[in-house]
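One structure below.
None of the figures in this text is laboratory data; all of them are computed from the coordinates on show. Note that the coordinates shown come from a computational prediction; the quantities given were computed from them, not determined experimentally. All Cβ positions, glycine included, derive from the backbone under ideal geometry; neighbour counts span all protein chains shown.
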Amino acid sequence: MKKVGIGIDYSNICKDYNTSYLDRDNTDPATKKCMKQVLAWTQDFLSELLESFGYQIHHLHSSTSVKVEDVASKRFLFYSLEKEITLQSYIIQKEYVEYESLAAWETENSGGILIQNDEDGEGIYLYLDENSSEHQWILDKLQDFSLDEVPFHAK
């Protein structure tokens, strides 16, 4: 099945803040407020997604499940001027399947979702099978968001 990528920019969550200035080390009240909104939204969105499909979250190469809080965290979601950002991918599916690489996930995966952070810390990307029930659920859930279609690159 063809994979489709959905980009969720944090400006959909923080409507009154220029999200290109989010820095996880910034203590400015407006920045902290926006980051809290993004963290809470991500926690709620992922929790509902997992519950709706009976999914778990895993690293690409680890059978130990990951908590929603680990994905909905400053370290994963936001850039740091001092520490930069580590690009990470998580697999969201019913049970753990090991993939040798992102390219292997793209060709071998059927069902489930790959979530990645953005190198600039301005949003997250969800990759999944086009026209799947998960794809439709996300489009319905985020119908008020401006979503970006993003190509999948197995880096």
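Structure data summary
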read-out	value
Under 18 Å from the Cα of K141 - lysines, other chains or at least 8 residues apart	K15
Aspartates and glutamates with Cα under 18 Å of K2, excluding same-chain neighbours fewer than 8 positions away	E106, E108, D129, E130, E134, D148, E149
Spatially proximal lysines relative to K67 (Cα-Cα < 19 Å; intrachain offsets below 8 disregarded)	K36, K94
Mean-position separation - Cα centroids, segment 36-58 and segment 62-82, in angstrom	12 Å
Only Lys, Arg (+1) and Asp, Glu (-1) charged, at Cβ; the chain dipole about Cα centre in debye	340 debye
Computed lengthening from E108 to E82, 0.36 nm per intervening residue step minus Cα-Cα distance	5.6 nm
Whether segment 97-145 is rounded, prolate or oblate, judged on the alpha carbon gyration tensor where a/c under 1.5 counts as rounded	oblate
Farthest toward positive dipole pole in the chain [+1 Lys/Arg, -1 Asp/Glu at C-beta], among C14, H135, V4	C14
Among [x] 66, 41, 26; [y] 60, 33, 30; [z] 44, 32, 27, the entry that matches Cα extents along the principal axes in Å as calculated here	[z]
Of Y79, T107, Y96, farthest towards positive along the dipole that unit charges on Lys, Arg, Asp, Glu beta carbons give the chain	Y79
Two-site FRET efficiency, N18 against D140, from Cβ-Cβ distance with R₀ of 30 Å, rounded to 0.05	0.60
